[in-house]
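Where a number appears in this text, it was derived from the coordinates with a stated rule and is not lab data. Only a predicted model underlies this, so the values are computations on that prediction, with no experimental measurement involved. Cβ atoms come from the backbone with ideal geometry, glycine included; neighbour counts cover every protein chain shown.
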Amino acid sequence: MRGTVRKITTPRRVVIDLMHASRGVPFVAVRRTLNIARLASARSALSQRPAWAVIFAKGFAALAREEPRLRTVFLKWPYARFYELPQTVANIVVAPTASPDGVMLFPIKAPDLVPLMEADASLRKAKSEPIESTPFFRKTLSVTRLPLPLRRLAWTIGLNIGRQRGNFFGTLLITSVAAFGGGEVEALGPGPYIFSYDRVTDDGFIDVMVRWDHRITDAADIGIALSRLEQILNNQVADELLALAPEGQEPASHERIASRQVGRISR
């Protein structure tokens with residue numbers, strides 16, 4: 001059967017290179033349903049709602065500030081070692097409007113220290129504007145246009161020099177298809193942590209999945225981390241959203257219930 005040869009576009013080559021860099025990472029996954037009713041209620045009270053990816057980036061980064069293993073990467077060249085980064089760098093998978101043929105990674109450094117609305121505005125800007133206007137996208141594309149041997153060398157350097165690993169690949173990858181009907185995403189990345197999520201139910205529950213490099217930590221630690229993440233989302237992250245709500249806004253009934261539940265957990 002005669003087919004048609006089509007050129008690989010630069011955005012698709014970005015994904016191809018990312019998948020090549022992800023080979024050999026021993027990922028293990030934990031899936032869990034979180035009760036984020038108070039957070040969901042606080043978000044629904046806003047006229048302009050920050051993206052869930054930004055919210056989860058902030059919650060995970062706050063968690064990683066408490067637990068250094070959640071901002072630790074595995075470097076294998078020139079010798080195997082762990083490298084603990086001083087802060088979380090969350091790479092959020094976005095599909096820029098100007099590039100329907102591929103996705104890009106948008107980095108947010110120390111999302112726990114960045115106001116939610118500020119991070120959300122940056123993400124929306126990167127998604128809507130021409131790719132070349134976003135510095136990190138421009139840098140990614142410039143590397144992707146290099147000949148294959150130079151691209152592989154650039155990725156090897158970025159993946160194995162601790163400081164550059166944080167700058168270019170971060171510590172956390174966030175992806176989801178919740179905006180496109182929902183579903184589970186078993187994503188790949190160079191590691192060490194991948195966070196994906198489904199749609200939030202009407203009563204404030206959400207299915208999430210964490211995939212991680214098993215060389216760094218174990219399932220028990222991730223299970224404990226997810227329980228703590230639920231508390232952080234319903235407390236400090238929800239509080240930030242509530243502070244943005246119109247004055248005198250009454251919390252929804254399921255928010256009040258969730259608040260009592262979170263209080264019991266915290267005690």
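Overall form of segment 117-175: oblate. Here a/c, set by the Cα gyration tensor axes a ≥ b ≥ c, is 1.5 or more, and a/b is not larger than b/c. Bridge orientation summary for the chain: considering DSSP beta bridges with both residues in this region, about 75 percent are antiparallel.
Modelled this way, with points 7 Å down the Cα-to-C-beta line, the labels at Ala95 and Asp202 are 2.7 nm from one another.
Taking the longest Cα principal axis of the chain as reference, the axis of helix 219-232 is set at about 50 degrees. Scoring 106-113, 237-244 by mean Cβ neighbours within 10 Å over their residues and listing the highest first yields 106-113, 237-244. Comparing Ile157, Ile206, Ile174 in a Gaussian network model of the chain, where Cα atoms under 10 Å apart are tied by springs, the biggest mean-square fluctuation is seen for Ile157.
Here Val143 and Arg6 are evaluated by their C-beta separation; at R0 = 30 Å the FRET efficiency comes out at 0.85. I want to verify a result. In a Gaussian network model of the chain, Cα cutoff 10 Å, which of these has the top mean-square fluctuation: Ala37, Ala61, Ala80? Looking only at Ala37, Ala61, Ala80, the largest GNM fluctuation is found for Ala80. Sorting the Cα pairs of the chain by distance into bins of 10 Å, from 0 upward, gives 6, 29, 35, 20, 8, 2, 0 percent per bin. Computed about its Cα centre, the charge dipole of the chain is approximately 1220 debye, with only Lys, Arg, Asp and Glu carrying charge at their Cβ.
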